[in-house]
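Take a look at the structure below.
The values are calculated or read from the model by the stated rules, or taken from the named source; none is laboratory data. Being a predicted model, the structure only gives us computed values, none of them experimental. In this analysis, Cβ positions are derived from the backbone assuming ideal geometry, glycine residues included, and neighbour counts consider all displayed protein chains. Surface accessibility is based on the protein's heavy atoms, side chains included, excluding ligands, DNA and RNA. Shrake-Rupley method; radii C 1.70, N 1.55, O 1.52, S 1.80 Å.
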Amino acid sequence: MTDDNNDDWKPQTALVHGGALRSHFGETSEALYLTQGFLYDSAEAAEARFKGEEPGFIYSRYANPTVDMFEKRMCMLEGAEDARATASGMAAVSAALLCSLKAGDHVVAARALFGSCRWVVETLMPRYGIETTLVDGASLEAWESAVRTNTKLFFLESPTNPTLEVCDIAAIAQLADSIGARLVVDNVFATPLLQKPLELGAHVVVYSATKHIDGQGRCLGGVVLSDKDWIDEHLHDYFRHTGPSLSPFNAWTLLKGLETLPLRVRQQMESASRVADYLAEHPKVPRVIYPGRSDHPQAGIVARQMKGGSTLVCFDVEGGKQAAYAVENALKIIGISNNLGDAKSLITHPATTTHKNLSDEARAEAGIKPGTLRLSLGLEDTDDLLADLDRALSRV
């Protein structure tokens, strides 16, 4: 039986009860359906199900009851009509970008992207005859100037990885609508609790569920959310035939992560805000970027489209790469890792990790300096984290 979903539920309630599909045993925790395929009552029933004339599951590469629960819960949280869960965040990004494009189409993307996202836009798409243009995502004029008659899709992250630049999603979505293009937004750094791109006019939202949604370092996952017509027309067959499916076990793990997402994000954001304020006053830190501060380059846009800052802080250390390494190596609580959104606080040096494959010029354009560090705040006591940073910065 399926629980009745209530559109009036607050996020905290939806993330505990939304999309539940219970068996006749009436289990309290979501059931984990570790199965590849499904049986049919008759040959006629199998035919009807493959034709779409009868509801039900066919094969776990297409859909699975546990994965379906995760997708439905994400739809409730995001305010989306439909979703497809994928094996990783990059599987979600690739599917969302490629499923509707063909040779001869043109894509405009913000320049400040995660390294793998830039590879898809700059390297993979042109191999298949898809033209691409990278622009300053914070400049609406840059988006307007890049538009061509064959522009079909816009793509951006906001806030960006790692410099937390914020794009005006509503304005860029309006531009996309005016030319008949689709806007795809990677919303990982904001989480669906702090920003809802679909409400701002975006057409497709993608997540690496590996990050805050799991948020405890356990598994990979991703999800693409949009209106049902777009998913049926573009994503459904791409997803079904290329097979980037999320495993049922990972879907079950992500469902458990969603139950505590509001609690974790609230604590992480509070720590991030305090850490950003501390770093902004530190004499060895010449630059701090945090969307919750009034000195953020796009503070006005942040106030309009976000419900809070972020769980991450970007900052520079005087002394370049050697100084950044000295800080990382001196930390005792905060771990060195390229992951983010975890219960454990994590720090990385983007120039040599997540954005290593970019040219020096491309990193400079994205605001990534030799001394830039990206800090993802976890669930530790904030005073302990501040003490850890203070001790590490004293080594520089």
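Given Cα pairs under 8 Å that are at least 6 residues apart, what percent is the relative contact order of region 242-396?
On the way: 232 pairs, mean separation 39.8, N = 155.
It comes to 26 percent, rounded to a whole number.
Take every DSSP beta bridge with both residues inside region 14-158 and express the antiparallel ones as a percent of the total, to the nearest 5. Could the numbers behind the result be given before it?
Numbers: 1 of 10 bridges.
Bridges in region 14-158 are about 10 percent antiparallel.
For the chain, what % of the accessible area comes from carbon and sulfur atoms, probe 1.4 Å?
On the way: 8350 of 16670 Å².
Its accessible area is 50 percent carbon and sulfur atoms.
Between Ser359 and Thr149, what FRET efficiency follows from the Cβ-Cβ distance if R0 is 41 Å, with the result rounded to 0.05? Numbers along the way, then the final one.
Numbers: r = 30 Å, r/R0 = 0.73.
The computed FRET efficiency comes out at 0.85.
Do any GluC sites (Glu not before Pro) in region 1-103 lie in a DSSP loop with no more than 10 other beta carbon atoms within 10 Å, and if so, which? Display every interim value, and only then the final one.
On the way: sites: Glu27, Glu30, Glu44, Glu47, Glu53, Glu71, Glu78, Glu81; in loops: Glu27, Glu30, Glu53, Glu81.
Hits after loop and neighbour filter: Glu53.
Using Cα centres only, tell me the gap between region 344-396 and region 170-229 in whole Å.
About 24 Å separates the Cα centre of region 344-396 from the one of region 170-229.
Cross-link candidates for Lys369: which aspartates and glutamates have Cα within less than 13 Å, leaving aside residues fewer than 8 places away along the same chain?
Straight-distance partners of Lys369: Asp316, Glu318, Asp360, Glu361.
By how many nm would the segment from His241 to Ser394 grow when fully extended, if each residue of separation counts as 0.36 nm and the alpha-carbon distance is taken off?
Values: separation 153, 0.36 × 153 = 55.08 nm, distance 5.45 nm.
Gain in length upon complete extension: 49.6 nm.
For the ranges 205-214, 250-259, what's the packing order if you count other beta-carbon atoms within 10 Å of each residue, average per peptide, and put the highest first? It would help to have the intermediate numbers written out before the result.
Details: 205-214: 26.8, 250-259: 22.6.
Result, highest mean first: 205-214, 250-259.
State whether region 1-119 is rounded, prolate or oblate according to the following rule on the C-alpha gyration tensor (a ≥ b ≥ c being the square roots of its eigenvalues): a/c under 1.5 gives rounded; otherwise a/b larger than b/c gives prolate, and the remaining case gives oblate.
It is oblate, given that a/c is not under 1.5 and a/b is not larger than b/c.
Output the direction-averaged projected area (hull surface divided by four) of the convex hull of the alpha-carbon atoms of the chain, in nm². Numbers along the way, then the final one.
Values: hull surface 79.6 nm².
Dividing the Cα hull surface by four gives the mean projection, 19.9 nm².
Given a cut-off of under 8 Å on Cα pairs at least six residues apart, what relative contact order in percent is computed for the chain?
Details: 796 pairs, mean separation 64.5, N = 396.
16 percent.
If packing is taken as the average number of other Cβ atoms within 10 Å across a peptide's residues, how do 84-97, 260-273 rank, most packed first? Present the calculation step by step, with values, prior to reporting the outcome.
On the way: 84-97: 24.6, 260-273: 19.9.
Going by the mean number of other Cβ atoms within 10 Å, highest first, we get 84-97, 260-273.
With a 1.4 Å probe and all protein chains left in place, how much accessible area per residue does the chain have, in Å²? Don't skip to the answer; put the middle values down first.
Numbers: 16670 Å² over 396 residues.
Accessible area per residue: 42 Å².
For the chain, what proportion of DSSP beta bridges, expressed in % and rounded to the nearest 5, is antiparallel? Display every interim value, and only then the final one.
On the way: 24 of 43 bridges.
Restricted to the chain, the bridges split so that about 55 percent are antiparallel.
Tell me what the chain gives for mean residue ellipticity at 222 nm when only DSSP H runs of n ≥ 4 count, each as -39,500 (n - 2.57), the sum divided by the residue total, rounded to 500 deg cm²/dmol. Don't skip to the answer; put the middle values down first.
Numbers: 15 runs with 142 residues, N = 396.
When only DSSP H runs of four or more count, the value is -10500 deg cm²/dmol.
How many nm is it between the label spots at Lys256 and Ser42, if each spot is 7 Å from the Cα in line with the beta carbon?
Distance between the two pseudo-spin positions: 4.2 nm.
Working only with C-alpha atoms, what are the Rg and Dmax values of region 142-296, expressed in angstrom?
Cα-based Rg and Dmax for region 142-296 come out at 17.9, 55 Å.
What is the packing order of peptides 366-374, 56-64, taking the mean over residues of other C-beta atoms within 10 Å and listing the highest first?
Numbers: 366-374: 22.6, 56-64: 16.7.
Listed from highest to lowest mean packing, they are 366-374, 56-64.
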